[in-house]
1. Give me a count of the residues in the stretch 88-139 that are assigned to a helix (DSSP H, G or I) and either of a type in the set (Gly, Ala, Ser) or modelled with pLDDT under 85 (or both).
2. Tell me, which strands (runs of 3 or more DSSP E) lie completely within the stretch 167-246 with 3 or more residues that are surrounded by 12 or more Cβ atoms within 10 Å (Cβ to Cβ), in contact (Cβ under 8 Å) with a residue 24 or more places away in the chain and of a type in the set (D, E, K, R)?
3. Identify all residues within the stretch 64-87 that are within 15 Å of the chain's Cα centre (by Cα), surrounded by 15 or more Cβ atoms within 10 Å (Cβ to Cβ), in a helix (DSSP H, G or I) and in contact (Cβ under 8 Å) with a residue 24 or more places away in the chain; write none if there are none.
4. Please specify each residue of the stretch 205-246 satisfying the condition of being under 23 Å from residue 83 (Cβ atoms) and among the hydroxyl-bearing types (Ser, Thr, Tyr).
Amino acid sequence: MLAGGSMNNKGRSLSLKLRDGTAVKEDLPFEKFLKYGPQALTDSELLAIIVRCGTKDHDPMQIGQQILTRCRQYETGIGGLYQLSVDELMKIDGLGQVKAVQIKCIAELSLRIIRSRKSDVVTFQSSEDIARYYMEQLRHKDQEHVILIALDARMRLICDKTLYIGTVSSCRISARDIFRQALMTGAAQIALVHNHPSGNPLPSDADIEMTRRILELGHIMEIPVYDHIIIGDRQYSSLNEVLNRN
């Protein structure tokens, strides 16, 4: 038997429930997706479809809500999904390694979709533009990533290349490797960007000294270094600004 739910102005029930409290079929996330499209689903409902199977103690919707709760340890809403590790996801009852990896793959795909929708020709006007472009790619990383950005004379992006992935505490950068890669791309100028896993973008003494060396070598090689940018958590530092202040 059915108990009455809320009605819209056409008299159709939006939330019919069985007397035992379970949802009727059309209210389940998968059926709701088919009827109204993905935009009609909440974050937890979308996650429930991905999870698909629950446990004897938790249905997929409850597991989806637990995933969102863990996301909020890092930031508001679904954005924290990118920062959750596979091990953290596997601590949720009902999520095994395969499902946790699938969820992380979806998070990575969403980031790549965002980047692929950017203009085919990316032109930077400032260090802030560069920081914004790489912020979401780098701010979640738990190791330092150093990226070489090859630019033409009009500050258009030719390509970028991850040169190094280091430990949380250190990442060695060879100026020779930087300019060898720059020459291979035909760059008229370059920029560097790397992240601080701590979330604090303030440069260390080593960052400042390394940037000085790279600027000097860029002058000798006639490949100017536009800037070296450090990415933190929604913050960035420009080494050019730091050096100019000093």
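1. 11
2. So the answer is none; nothing clears 3.
3. 78, 81, 82
4. 236, 237 - these are the residues of the stretch 205-246 that are under 23 Å from residue 83 (Cβ atoms) and among the hydroxyl-bearing types (Ser, Thr, Tyr).
The values are calculated or read from the model by the stated rules, or taken from the named source; none is laboratory data. Being a predicted model, the structure only gives us computed values, none of them experimental. Note: ideal-geometry Cβ built from the backbone for every residue, glycine included; neighbour counts use all protein chains shown.
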